């Protein structure tokens, strides 16, 4: 939920967002995670790799029990999403790895202030191979 709430806020404010993540400590605390490549306009793929590598290292050290990486994506046509735009959250913990896709639409509310109304549709999950809690 942290990732979806933050992604929605960024979509309302900017119409898009760079990949970001959250991790869960063994005590259950949710901690925000970002990445910096040194580039003002980083490529999403580079940020996801940077964040994934950092989270994988923490998972190997058992310093996290769960992680989520949020990316603004075009949902693959094979999933027959009602809308092409979506938030994809890669959700992982020990023995669990899924992409959670949440289709969204953006409608302009005010042109001068660039206010946007973001509607999130029903999420759906796709099982994936783990990359953070990999064996």
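Rundown of residues vs (1) surrounded by 13 or more Cβ atoms within 10 Å (Cβ to Cβ); (2) in contact (Cβ under 8 Å) with a residue 12 or more places away in the chain, yes/no style:
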| position | (1), (2) |
| --- | --- |
| 8 | yes, yes |
| 16 | no, yes |
| 21 | yes, yes |
| 27 | no, no |
| 40 | no, no |
| 58 | yes, yes |
| 64 | yes, yes |
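If you go through the range 40-57 and keep only what is over 20 Å from residue 73 (Cα atoms) and assigned to a loop (DSSP other than H, G, I, E, B), you end up with nothing. Go through the residues of the range 84-94 one by one and say whether even a single one is assigned to a loop (DSSP other than H, G, I, E, B), within 17 Å of residue 129 (Cα to Cα), touching a strand residue (DSSP E or B) at 6+ places or on another chain (Cβ under 9 Å) and in contact (Cβ under 8 Å) with a residue 24 or more places away in the chain. Yes. Taking the numbered list (1) modelled with pLDDT of 95 or more; (2) under 14 Å from residue 72 (Cα atoms); (3) over 12 Å from the mean Cα position of the chain (by Cα) in turn, residue 29 passes all entries but (2).
Tell me yes or no: at least one residue of the range 54-62 is more than 13 Å from the chain's Cα centre (by Cα) and closer than 23 Å to residue 10 by Cβ.
Yes, that holds for at least one residue.
Any residue in the range 62-72 that is out of contact with any helix residue (DSSP H, G or I) (no Cβ under 9 Å at 6 or more places or on another chain), within 12 Å of residue 133 (Cβ to Cβ), modelled with pLDDT of 95 or more and outside any strand (DSSP E or B)? Within the range 62-72, one or more residues are out of contact with any helix residue (DSSP H, G or I) (no Cβ under 9 Å at 6 or more places or on another chain), within 12 Å of residue 133 (Cβ to Cβ), modelled with pLDDT of 95 or more and outside any strand (DSSP E or B).
The values are calculated or read from the model by the stated rules, or taken from the named source; none is laboratory data. Here the structure is a predicted model, which is why all the values come from computation and not from measurement. Every residue, glycine as well, gets a Cβ built from its backbone with ideal geometry; the counts of neighbours run over all protein chains shown.
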